[in-house]
Every structure is written in structure tokens, then in C-alpha cells.
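Each remark here refers to the structure printed beneath this line.
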Amino acid sequence: MSLDVLRSRTSRREEPLGAHLPDPIVSRADGIDPEHEALLADSVGPALLVVLDTLAPAERLAFVLHDLFAVPFDEITPDAFLTASRDGDFDALLAVLDPDVVLRADSTAVHAGASRKVCGALAGHRSARGRNTMQQKITPNLWFDTEAEEAAGFYTAVFRNSRIVNVTHYTEAGPRPAGTVMTVEFELDGQRFVGINGGPQFTFDEAVSFQIDCDTQDEVDYYWERLSEGGEEGPCGWLKDRYGLSWQVVPAGMEELVADPDPERAQRAMQAMFGMSKLDIAALRSAADGVPTT
């Protein structure tokens, strides 16, 4: 149902195209006054608009499906649909889609729309999965000795919106014992990774690190504490986790401070950063402003 159409009812006016004709005489066998019925019907639109505007999106969807399409409440699962869509859980999404659903995808500045409508739950599921997969062209592969599954469990516990996607095992073909974990595919806040149990030949070092952009100092504190536990704190916002993988935990506004157009402010912020382990954005701003530390 379009809310814009409902809103337009109060302002829409119609003018006759030709000479005015006498109003027809309308009568009904059931005795209902046609004029009263028309006025009542016209008043329902604004009233319904007021009701819909007070509801949350999920409540609005449930209201429309139940009252206009006679869908039983126990068959309406807007929260399940929204959760599955947001988390990229395609199996859960398939479970709540009607078998006759039709998918139409509009183009955006980043992704091209579907060239034709996609009919059927399974076809829509496959189309959505393909579109989601193509959003990430590069997948980091992390080489472990034997800890890939353990590390994936640790990382998915640290980052929100994370999950283990798939685990594969070595077969009799080797080169490691059959049945042991070979690869673990996992997502961290929507970013796909693959962990490989390849052996002790290669280890992590600071030549490769992953940067975490944090909106608040509380977020900086959280990731610093969780990821450095069992690992090693480094300078300038760098740390190593318990598996030796390097991370940079960076607060919002850091780049602007060290690239300030005022060279003296930028120099003071940079010098303060060199003296820090975990970055403190308030202290960095104070240093840039020339406020002495207490």
C-alpha cells in the first residue's frame, strides 16, 4: 500500500471536462445511503494513514498483510525476514519466502539491478546470494598451523554480525591427516575470510595487518581489550592477537588530526600518537590543540 497515495487523497481535486451534467439518481435495494457510504469510504484513507504512521515498519507490514490480505498473524514473520536479510542468512531467508515470491532489483550507484524479474523463492534465494557474494571481490586467506577453526571461533565472538560459513576437511589424498580441518570460511561484520590449516611453515608478521575503524573511544577500548588478550600490545594503535595476527585499532577523527592543514597541529598530534600504545582520541585532540597533559 502506498502512503503517498493515501496522503494525496486529502488534496486531490477533480474538475469536469465538459458541461455539467445532472447528478445521477442512485438507489440501492439494501437501503444503504450511497452518499453516506461514499463519505465514509473517503474518510477511511486519512484515518488509516494516521494509524500506519504510528507503527514501526515491522508492525506496519503485519497490519497490512493481516487486515488487507487476510494473512494470519502466526504466518507473518517480518522480524525473521528483516533479520535474515540483514545478516545474509540465505537459508533462513528461504524459509520465510513464499514459493511464488517475485524478486525485482533496482539499480543503484554501486550495483546493477536485475535484468528481469526473478520468480520463485529458490530462484530469488540464488539471485540474492549471487549478488551478495559479488559485493566482495577479494577474500583474505589466513594461514595457520592447526588453529584455523579455533581462531575463527575467537574472531566471530569478538566482532558483531559474524558467523562461521563453512568448514572443510582433509581427505585421504592428504597432505595432512584425513578428517582434520583444512579450511574455515567465516565472516566478521560482513567481511569474508578464509582460514587455512596449512602447517607451521608460515607465520604472521606486521607486514600485513587489518585496520578496525571505531566510531567511539568505547569501541576502541573494546577491540583493544578483546584482541590483545593473550597477544601483545604494540605502539601507535597496533597489536598482535593470540595467533600473531596484527590489527590496527583506529578511532574516528584520527586521520583528520595527523593530516591537519595547520602543520603545527598535525605535528603535535603525530608526536602524541608516537607516545601511545592504545590510541586515545581525546588526548590526541588535546595534544593537537596544544593543551598540556596533566
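Using the structure shown, decide if residue 207 is part of a helix (DSSP H, G or I) and closer than 20 Å to residue 247 by Cβ. Criteria not met by residue 207. Say whether the condition of being in a helix (DSSP H, G or I), among the β-branched types (Val, Ile, Thr) and under 28 Å from residue 142 (Cα atoms) is met by at least one residue in the range 214-223. Within the range 214-223, one or more residues are in a helix (DSSP H, G or I), among the β-branched types (Val, Ile, Thr) and under 28 Å from residue 142 (Cα atoms). Selection of first residues in the range 201-224 that are touching a residue at least 12 places away in the same chain (Cβ under 8 Å) and of second residues that are assigned to a helix (DSSP H, G or I) and crowded, with 16+ Cβ neighbours inside 10 Å, restricted to Cβ pairs under 7 Å at least 6 apart or on distinct chains, gives the following pairs, ordered by first then second residue: 212/223; 214/220; 214/223; 217/281. Given the criteria surrounded by 16 or more Cβ atoms within 10 Å (Cβ to Cβ), of a type in the set (Gly, Ala, Ser), in contact (Cβ under 8 Å) with a residue 12 or more places away in the chain and over 16 Å from residue 141 (Cα atoms), does residue 195 qualify? Considered against the rule, which asks whether it is surrounded by 16 or more Cβ atoms within 10 Å (Cβ to Cβ), of a type in the set (Gly, Ala, Ser), in contact (Cβ under 8 Å) with a residue 12 or more places away in the chain and over 16 Å from residue 141 (Cα atoms), residue 195 comes out as no.
Against the definition (surrounded by 19 or more Cβ atoms within 10 Å (Cβ to Cβ) and out of contact with any strand residue (DSSP E or B) (no Cβ under 6 Å at 6 or more places or on another chain)), how does residue 227 come out, yes or no? No, not satisfied.
No value in this document is a laboratory result; all are computed from the given coordinates. Because the structure is a prediction, the values reported are computed rather than measured. Glycine also receives a Cβ, built like all others from the backbone with ideal geometry; neighbour counts cover every protein chain displayed.
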